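Quick note: the coordinates plus some simple rules give every number you see, no bench work behind them. Remember, it's a predicted structure, so these values are computed and weren't measured experimentally. Every residue, glycine among them, receives a Cβ derived from its backbone with ideal geometry; neighbour counts consider all protein chains shown.
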Ligand SMILES: [Mg+2]
């Protein structure tokens, strides 16, 4: 039975909050003509980010979405230990990257962080599409034993919750550095 490791991207393999969010918030505030402080800095989608501004008219919403989802991404250093971990796991388990957002922006982040070649499969789901990461995890794991799988992420209300519900081992990178992941997988008998 193949072991599967499913990695989140944002704030798991790249430091999105520190490296990309401030500039995206600045652009979005500028597009709307509001102070940055009016936006919900913790939002992931443009709807969440602009929610404090109240209902936007269609032109405003389009301008905000263009700014928030700008596909231009600067060169990104991957999170500490990310490349090393993926390199060591490569060929020993099926490595899947699962991310939601604007497809072009997410794809560009993967390239700008130099992560594309380190995965067996990359799943990018548009945040405009219905469904959640629960559906994506189920599809990725179909035909495999979830107990032989690990989900590595940072969001307790998203991939970590859905992964645990499916019976996967979950690793929260907010409390477990990537350099410890290989040892945990070995201890759990997944390597
Ligand atoms: Mg994340």
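Annotations
- Annotation: average projected area of the chain is 10.6 square nanometres, based on the convex hull of Cα atoms across all directions.
- Once you reduce region 51-68 and region 169-191 to the center of their Cα atoms, the two points are 39 Å from each other.
- Region 1-43-region 98-133 distance, computed between alpha-carbon centres (Å): 13
- 222 nm mean residue ellipticity, helices alone, for the chain (DSSP H n ≥ 4; -39,500 (n - 2.57); rounded to 500): -10500 deg cm²/dmol
- Only Cα pairs under 8 Å and 6+ residues apart enter the sum, and on that basis the relative contact order of region 21-68 stands at 44 percent.
- Extent along principal axes [Cα atoms of region 81-191; Å; largest to smallest]: 39, 31, 28
- Simple spin-label estimate for residue 138 and residue 57 gives 4.1 nm between the two label positions (7 Å along the Cα-to-Cβ direction from each Cα).
- Taken over the Cα atoms of region 21-68, the convex hull encloses 58 Å³ per residue.
- For the chain, relative contact order (Cα pairs under 8 Å, six or more residues apart, normalised by length) works out to 26 percent.
- Cα Rg, Dmax (largest Cα-Cα span) when computed across region 136-191, Å: 11.0, 30
- Sequence of 184, 140 once ranked by neighbouring C-beta atoms within 10 Å, starting from the fewest: 184, 140
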